[in-house]
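*Asks:* Here it is: the structure, laid out below.
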Amino acid sequence: MYPLPNRPVTILCHGLSGIHDNYSEDHVHTMTGQPEALEALTAGEVERIKADFEILEHQVNGVDVVYLDSGATSQKPRCVYEAEQHYYENANAAVHRGAHSLAVEATEIYEEAREKVAKFIGARTNELVWTANATEALNLISYSMSNASLGRGGEAAARFRLGPGDEILTTELEHHANLIPWQELAFRTGATLRYVPVTEDGALRYELLDELVTEKTKLVAFTHVSNVLGTITDTQKFVDAARKVGALTVLDGCQSVPHLPVDVKALDVDFMAFSGHKMLGPTGIGALYGREELLNAMPPFLTGGSMITVVDMEHAEYMPSPQRFEAGTQRIAQTHGLATAVSYLDEIGMGRIAAWEEHLGAMLYEGISKIEGVRVFGPADAQRIGTVPFEVIGVHPHDVGQYLDSRGIAVRVGHHCAQPLHRALGVNSTTRASTYLYNTEEDIKALLEALSSVREYFGV
Amino acid sequence: MNELDQLYQQVILDHSKRRIGSPLVETTEGLLHGESHQHNPICGDQIRVRVELDDQEHFTSMSWEGDGCSISMASASVLAEMLPELTKEEFLGKRDYFREMMRSKGNFQPDEEVLEDAAAFVGVSKFPARVKCAMLAWVAAEVAMHEARK
C-alpha cells in the first residue's frame with residue numbers, strides 16, 4: 001500500500017474563513033451573465049483575502065507593490081500552489097492508465113477538478129475540455145472545423161464544415177486570440193471573415209448585427225468582456241442573431257469567468273473558452289466548454305494517445321468528449337491547482353467579487369477621468385469590470401508604465417494584444433489598469449495620485 | 001539620482017521633444033540613400049529612418065519619423081544629430097559601443113567623446129525592458145545604410 005494521505009482536493013486558505021454569501025450552487029444568473037445585485041466585499045474582507053497572496057506582501061522598487069495588471073494574469077493564493085505541491089508529493093502519476101494506486105488517485109484528482117470547474121461555469125462534467133489556455137481552446141475549435149471541412153467526422157460533423165461563400169463573424173473588440181484563429185480558419189477553408197465594428201468610443205455596434213448575421217453566417221465568435229475596455233458585452237443580442245440562422249456561437253470568457261458569475265447554460269452559447277491563470281489558477285491550464293452533442297460530433301484537433309478506443313495501422317476510433325480532445329499526457333497538477341482556485345472563488349462568491357470590482361472599476365473610471373491631461377477610453381455608460389484603459393496626453397504609455405513602476409504600481413502598457421481595437425480608438429497603445437478581488441480602494445488611490453504627477457515629471 | 005531619474009535624464013527628455021531629424025526629408029539627387037522601417041511588436045513603437053551617404057561612404061544626413069516612447073524617440077534624435085559626417089565604419093564602431101553599454105546592466109562608464117549625447121542612455125541599461133527602445137533607431141539606421149543605393 002502506498003501511504004496515501006488525506007486527499008488534497010480542498011486546501012482552503014485561512015483568510016477566507018467566515019466569508020460567505022448566498023451565492024451557492026443554486027445561484028441564479030441573468031441571461032447576460034451579469035451578477036445579481038449582491039453586497040460587495042467589505043474592505044476588511046479584502047484585506048484578509050489579500051493576505052492569502054504572498055506576492056502582494058512584497059516590495060517592488062522599495063515600495064509596497066500595487067498590482068493592477070490582473071487582466072494580463074492574476075496573482076495566486078498560497079492554496080493554489082500548495083495544492084500543486086501536494087499533488088506532486090502525494091499523488092503524482094499518469095492519469096487514465098495504469099492500475100496502481102497512485103494512478104487511480106491522480107485520475108480521481110484530475111476528474112474531480114474537471115467536475116468542479118465545469119460546475120463553476122454551469123456546464124456538465126463531460127462538456128469541459130482541458131486545454132493549455134484560452135488561445136489553445138479557440139484554436140481547437142478552429143482546427144476541428146477545418147478538419148470537418150476536409151471531410152473528417154463524416155455527416156455528423158456536417159455543421160462544422162466551412163467553404164467559399166460561408167461567413168465567420170467576429171468583432172473589432174477582440175484580442176488577437178479570438179481573431180487570428182478565425183482569420184486562419186477563413187484562409188484554410190475559403191470562408192469569409194466579417195466583423196462587427198465598434199464606435200470611436202469602443203462600443204459594439206449591435207444595430208449592425210441584423211445586417212451582418214445572414215444565412216451565410218456559420219460561426220459567431222465574440223468576447224464576453226473586452227480585455228482592453230473592461231466593458232461587458234450584451235451576449236443575448238449575439239446569441240439571438242446567431243440562433244436565427246443556425247450559426248454556432250463561441251464566447252471568449254477570458255475576462256468574464258474570473259470576474260463575473262458565468263453560467264454557460266443561461267448564456268446559451270455553444271462554446272466558451274477561458275484561461276486558468278487569469279482566475280487565480282496556474283499557468284498552462286485553460287478550458288473549452290462545448291455543448292455535449294457538439295463536442296461529440298466534432299472531429300479532434302490534436303491526436304495521439306489517450307483519445308482513442310481501437311487503433312490499427314490504418315485508422316483509429318475516437319473517444320467521446322472530453323477525452324477525444326485530450327491527446328497525450330495531461331496537465332494534472334495544473335488542473336488541481338485551477339480547481340483549488342475555483343473553490344477559493346466559490347467560497348467568497350463570484351457575485352460579491354463582481355460587485356466589489358464594479359465598485360473599483362467605477363472608482364478607476366471616474367477618478368482617472370477627473371485628472372487633468374488624462375483621458376479614459378471606453379463608453380461612459382457601459383457596464384464594466386475593474387478594467388480601465390487611459391492615455392496621459394503627451395506622455396507615451398511605456399513611459400507612463402515606467403513612472404508608475406517606480407512607485408510600485410504594476411499596469412499594462414501597449415496594445416494589449418488588440419491592435420484593431422486600438423486602431424479604431426485612434427491610438428497605437430494605451431495604459432491599462434485592471435483589478436481583481438485582492439485590490440483595495442487604497443490601490444486605486446495610489447494609482448490616481450501617481451497619475452496626477454506624471455505629466456509634471458515628463459515636463460509636459 | 002534615483003534609477004528613474006537616471007533613466008529619464010534631462011538630455012533624453014529634451015531630445016524626445018526636440019526630435020532632431022524628424023520628419024523625413026526628400027532625398028537629394030546624386031547621393032546614396034536608404035530607408036528602413038522598424039517596429040517593436042511588444043509595445044507597437046515604430047520608426048522609419050532615411051539615411052544619405054556620399055560617394056566616399058560618409059553619412060550626409062539622417063531623417064526619420066516615428067511613434068514611440070521618449071526613450072526610442074530621443075535615441076533617434078541623438079543619432080540624427082551625431083550621424084552626419086561619420087563614415088560607415090565609424091558609425092558601426094559607435095553602434096557596437098552603444099550596444100555594449102546597453103547590455104551592461106548599468107556597469108558602464110561611457111566615453112562622452114565617443115557617444116556624445118547618446119552617453120545619457122547609460123541609465124537605460126538598468127532597465128532590460130527598455131533596451132530595445134533605445135536600440136530601435138540604431139538598428140533602423142544600420143539597415144538603411146546597408147540598403148543605400150543611388
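*Asks:* With θ set to phi - 60° and the Karplus curve 6.51 cos²θ - 1.76 cosθ + 1.60, what are the ³J(HN,Hα) couplings of the stretch A:350-357 in order, to the nearest whole Hz, using x for Gly and Pro?
*Replies:* 5, x, 6, 4, 4, 5, 5, 6
*Asks:* Further question: Let me know the charge dipole size of the stretch A:101-345 about its Cα centre in debye, to the nearest 20, where only the beta-carbon of Lys, Arg (+1) and Asp, Glu (-1) is charged.
*Replies:* Charge dipole of the stretch A:101-345: 60 debye, to the nearest 20.
*Asks:* Using the Cβ atoms and a cut-off under 15 Å, what net charge is assigned to the surroundings of A:L68, where Lys and Arg are +1 and Asp and Glu are -1? Write out the running numbers ahead of the final one.
*Replies:* Values: positive: A:K50, A:K278, A:R384, A:R407, A:R412, A:R432, A:K445; negative: A:D64, A:D69, A:E357, A:D405, A:E441, A:E442, A:D443, A:E449.
Around A:L68, the surrounding residues sum to -1.
*Asks:* Also, quick follow-up: Across the residues of A:397-406, average count of Cβ atoms on other protein chains within 10 Å?
*Replies:* Shielding by partners across A:397-406 averages 5.
*Asks:* Here's a follow-up. For the cross-link pairs A:K116/A:K445; A:K278/A:K445; A:K278/B:K105; A:K76/A:K119, which exceed 27 Å when the distance is taken from alpha carbon to alpha carbon? Can you show the working numbers first?
*Replies:* Numbers: A:K116/A:K445 36 Å; A:K278/A:K445 23 Å; A:K278/B:K105 32 Å; A:K76/A:K119 21 Å.
The pairs that break the limit, which is 27 Å between Cα atoms, are A:K116/A:K445; A:K278/B:K105.
*Asks:* Quickly estimate the mean residue ellipticity at 222 nm for the protein assembly as shown, helices only: each DSSP H run with n ≥ 4 gives -39500 (n - 2.57), and the total goes over all residues, rounded to 500.
*Replies:* Mean residue ellipticity, 222 nm, calculated: -11000 deg cm²/dmol.
*Asks:* Separate question: Counting only Cα, what are the radius of gyration and maximum Cα-Cα distance Dmax of the stretch A:101-345, in Å?
*Replies:* 17.7, 59
*Asks:* If you don't mind, another one. Work through the residues other than A:D240 whose Cβ is under 13 Å from its Cβ and net out their charges, Lys, Arg +1 and Asp, Glu -1.
*Replies:* Details: positive: A:K237, A:R243, A:K244; negative: A:D210, A:D234, A:D268.
Local net charge: 0.
*Asks:* Taking the Cα centre of each part, how many Å lie between the stretch A:280-337 and the stretch A:344-366?
*Replies:* Cα centroid of the stretch A:280-337 versus Cα centroid of the stretch A:344-366: 34 Å apart.
*Asks:* Next question. As a footprinting exposure proxy, order A:I393, A:I180, B:I47 by other Cβ within 10 Å, with the fewest listed first.
*Replies:* Starting with the residue having the fewest Cβ neighbours, the order is A:I393, A:I180, B:I47.
*Asks:* Tabulate in residue order the Karplus-calculated ³J(HN,Hα) for the stretch A:412-421, using 6.51 cos²θ - 1.76 cosθ + 1.60 with θ = phi - 60°, rounded to whole Hz; enter x for Gly and Pro.
*Replies:* Whole-Hz 3J(HN,Hα) from phi for the stretch A:412-421: 9, 10, x, 9, 6, 6, 9, 5, x, 5.
*Asks:* Further, regarding this structure: What ranking of A:H100, A:H224, A:H259, A:H396 emerges when the number of other C-beta atoms within 10 Å of each C-beta is taken as an exposure proxy, fewest first?
*Replies:* A:H100, A:H224, A:H396, A:H259
*Asks:* Follow-up. Would you pull out the residues with amide H under 5 Å of A:V225's amide H, same chain only if 5 or more places away, H placed 1.01 Å from N?
*Replies:* Those qualifying (amide H under 5 Å, at least 5 residues apart or on another chain) are A:T233, A:Q255, A:S256.
*Asks:* Could you sort A:368-374, B:77-83 so that the peptide with the highest average Cβ count within 10 Å comes first and the rest follow in order?
*Replies:* Packing proxy ranking, top to bottom: B:77-83, A:368-374.
*Asks:* Under the Kirkwood approximation applied to all pairs of distinct alpha-carbon atoms, what is the hydrodynamic radius of chain A in Å?
*Replies:* 22.9 Å
*Asks:* I've got another one for you. Between beta-carbons, use under 11 Å as the cut-off and find the net charge around A:A446, counting Lys and Arg +1, Asp and Glu -1. All intermediate terms of the calculation are to be shown ahead of the outcome.
*Replies:* Values: positive: A:R407, A:K445; negative: A:D64, A:E441, A:E442, A:D443, A:E449.
Neighbour charge sum, excluding A:A446 itself: -3.
*Asks:* For peptide A:425-433, compute the average count of partner chain beta-carbon atoms within 10 Å of each residue's beta-carbon.
*Replies:* Mean shielding by partner chains, rounded to a whole number: 2.
*Asks:* Determine, for A:S256, B:S22, the number of other Cβ atoms within 10 Å of each Cβ, and report the residues in order from fewest to most.
*Replies:* B:S22, A:S256
*Asks:* Roughly how crowded by other chains is peptide A:362-375, in terms of the mean Cβ count from those chains within 10 Å of each of its Cβ atoms?
*Replies:* 0
A short reminder: the numbers here are calculations on the coordinates, not readings from a lab. Note that the structure is predicted; figures quoted are calculated from it, not measured. In this analysis, Cβ positions are derived from the backbone assuming ideal geometry, glycine residues included, and neighbour counts consider all displayed protein chains.
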